[in-house]
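Shown next, in structure tokens, is the structure this report addresses.
The values are calculated or read from the model by the stated rules, or taken from the named source; none is laboratory data. Everything numeric in this text was worked out from a predicted model, so none of it was measured. As a convention, Cβ positions derive from the backbone with ideal geometry for all residues, glycine included, and neighbour counts pool all protein chains shown.
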Amino acid sequence: MTVITTLLQVYLNTVRNWVSLDSGKCRVKPIMFITNYVGLDVYILTEFAQRLGWNIMQAPKLSTYDMPFVKDMYMYAAKQLPSCSYYAYSNGDILYSHGLIDTLQAVSQVHAC
């Protein structure tokens, strides 16, 4: 297995993981921001994510090195999904459990008081 294939598998697992956090309750609305880089691995990943309900969007602003600016991604996400209570950024190789959702719901309940 090549490094690219292994890395792609990690990203595919992350896409599945984020979808599993939703449980059909519309609690998680994942967005994948992409850059100008085009390759087979990016195509496979974005097609897979889109089939699982992810929003695929071009990164709104890039540095001279084609790196997306996180601030602009947050602002774009907030504009596209204004009804969301929380916005978060995560690298494509980090997995979460349902504890993340439980924590955010607990924070919401305390914040509402």
- Item | Among (1) in a loop (DSSP other than H, G, I, E, B); (2) modelled with pLDDT of 90 or more - the single one R27 does not satisfy | (2)
- Among residues belonging to segment 88-102 that are among the aliphatic types (A, V, I, L, M) and either touching a Gly at 6+ places or on another chain (Cβ under 8 Å) or assigned to a loop (DSSP other than H, G, I, E, B) (or both), point out the one that is surrounded by the fewest Cβ atoms within 10 Å (Cβ to Cβ). I94
- T35 being surrounded by 11 or more Cβ atoms within 10 Å (Cβ to Cβ), modelled with pLDDT under 90 and over 29 Å from S108 (Cα atoms): yes
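For (1) surrounded by 13 or more Cβ atoms within 10 Å (Cβ to Cβ); (2) in a helix (DSSP H, G or I); (3) modelled with pLDDT of 90 or more, each residue gets a yes or a no:
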| site | (1), (2), (3) |
| --- | --- |
| T64 | no, no, yes |
| K71 | no, yes, yes |
| Y86 | no, no, no |
| L104 | yes, yes, no |
| S108 | no, yes, no |
| H111 | no, yes, no |
- Is there a residue in segment 95-109 that is of a type in the set (S, T, Y), touching a helix residue (DSSP H, G or I) at 6+ places or on another chain (Cβ under 8 Å) and touching a residue at least 40 places away in the same chain (Cβ under 8 Å)? yes
- Query: Out of (1) surrounded by 13 or more Cβ atoms within 10 Å (Cβ to Cβ); (2) under 29 Å from T103 (Cβ atoms); (3) charged (D, E, K, R), what's the single condition that is false for D41?
  - Reply: (2)
- Item | Residue under evaluation P60, criteria (1) of a type outside the set (S, T, N, Q); (2) at pLDDT 90 or above; (3) out of contact with any helix residue (DSSP H, G or I) (no Cβ under 9 Å at 6 or more places or on another chain); (4) assigned to a loop (DSSP other than H, G, I, E, B), criterion not met | (3)
- Item | Only listed residue being exposed (fewer than 14 other Cβ atoms within 10 Å of the Cβ), at pLDDT 90 or above and not in a loop (DSSP other than H, G, I, E, B), chosen from A78, A49 | A78
